[in-house]
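One structure is given below, encoded as structure tokens.
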């Protein structure tokens, strides 16, 4: 999806709490869009990560929250869920007027709003292909988030890939299970396909190359087609053929059922994270 409203970054001040991979991906995209490094402040307590950010983006990085955050229009929360509360409490005093965008898994917007004393909170669930501009991010906005706030969030995430707004926050647990954790499922199947290729006589490089190209090509075909995945699968499957043999073997082993069960487990764990780390 693309934003229908363009936000002028010229007078914007952005702050990032946490400077890891996801923060770097968003930061890099913003600077390519024209955001000046002097418009960004990052709070990052780990010296090695802070030095890397300074060298890569020439931005201001501080070890702890202070009044340098007071002018921030948007605060992006890119911290681990288990440290969110401890990170939020010292920031709250400096950012009462800011819009807050969380990319932390599991932490519910109720908790974020309570810790930061504001209702202008957008919660998101990105995935790691955002690092190469091919991500998909689920987004949920609290009632006090305006249309302009949403447009700002969309523009901030523009360089990371696509996004999808959901109406119920609980749907973000589904997004987490499906697309947030989803790249790991793809890599898992790539591992299996590569291992099978090696067992059947190919080199590791040959098998991995074929597996990656197959996943990439099949996904591209699915994106270009209006047909369901079931129809696309049927078109590749001739009864009694090689694909039929493979799919029959997987059906006998209940692979689809196991896969669905695995994603339900991920959804359950996403909900548990909110309970576990969202407490006062």
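Table for the structure above
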quantity	calculated
Percent RCO, i.e. relative contact order, over the stretch 9-169, from Cα pairs under 8 Å lying at least 6 residues apart	20
Gain upon complete extension [residue 263, residue 232; 0.36 nm per residue less C-alpha separation]	8.9 nm
Radius ratio Rg over Rh of the chain, counting only Cα atoms, Kirkwood formula for Rh	1.03
Fluctuation leader among 180, 240, 29 - the chain, Gaussian network, Cα springs under 10 angstrom	240
Helical contribution to [θ] at 222 nm, DSSP H n ≥ 4, -39,500 (n - 2.57), averaged over the chain, rounded to 500	-15500 deg cm²/dmol
Residues of the stretch 142-167 with amide N under 16 Å of the 7 Å Cα→Cβ point at residue 223	158-164
Candidates 72, 93, 143: whichever shows maximal mean-square fluctuation once the chain is modelled as a Gaussian network with Cα springs under 10 Å	143
Potential lengthening between residue 202 and residue 134 on full extension [0.36 nm per residue; Cα-Cα distance subtracted]	21.5 nm
DSSP beta bridge pairing in the chain, given as percent antiparallel to the nearest 5	15
Among beta bridges that DSSP assigns inside the stretch 9-169, antiparallel share in %, nearest 5	15
Most mobile of 15, 177, 192 in a GNM of the chain (Cα contacts under 10 Å)	192
Residue order, fewest to most surrounding Cβ atoms within 10 angstrom, among 62, 100	62, 100
Difference of contour (0.36 nm per residue) and Cα-Cα distance, residue 215 to residue 82	44.5 nm
The stretch 182-274, relative contact order [Cα under 8 Å, separation at least 6], %	12
Förster-model FRET efficiency, 51 Å R0, residue 255 and residue 97, C-beta, rounded to 0.05	0.50
Spin-label pair residue 186/residue 151, simplified geometry with 7 Å Cα→Cβ offset, distance in nm	3.1
Anisotropy class of the stretch 225-277 from Cα gyration tensor, a/c 1.5 cut	oblate
Normalised contact order of the chain, rounded percent, pairs of Cα under 8 Å and 6 or more residues apart	17
The stretch 206-280-the stretch 142-199 distance, computed between alpha-carbon centres (Å)	16
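None of the figures in this text is laboratory data; all of them are computed from the coordinates on show. Just so it is clear, the structure is predicted and the values come from calculations on it, not from any experiment. Every residue, glycine among them, receives a Cβ derived from its backbone with ideal geometry; neighbour counts consider all protein chains shown.
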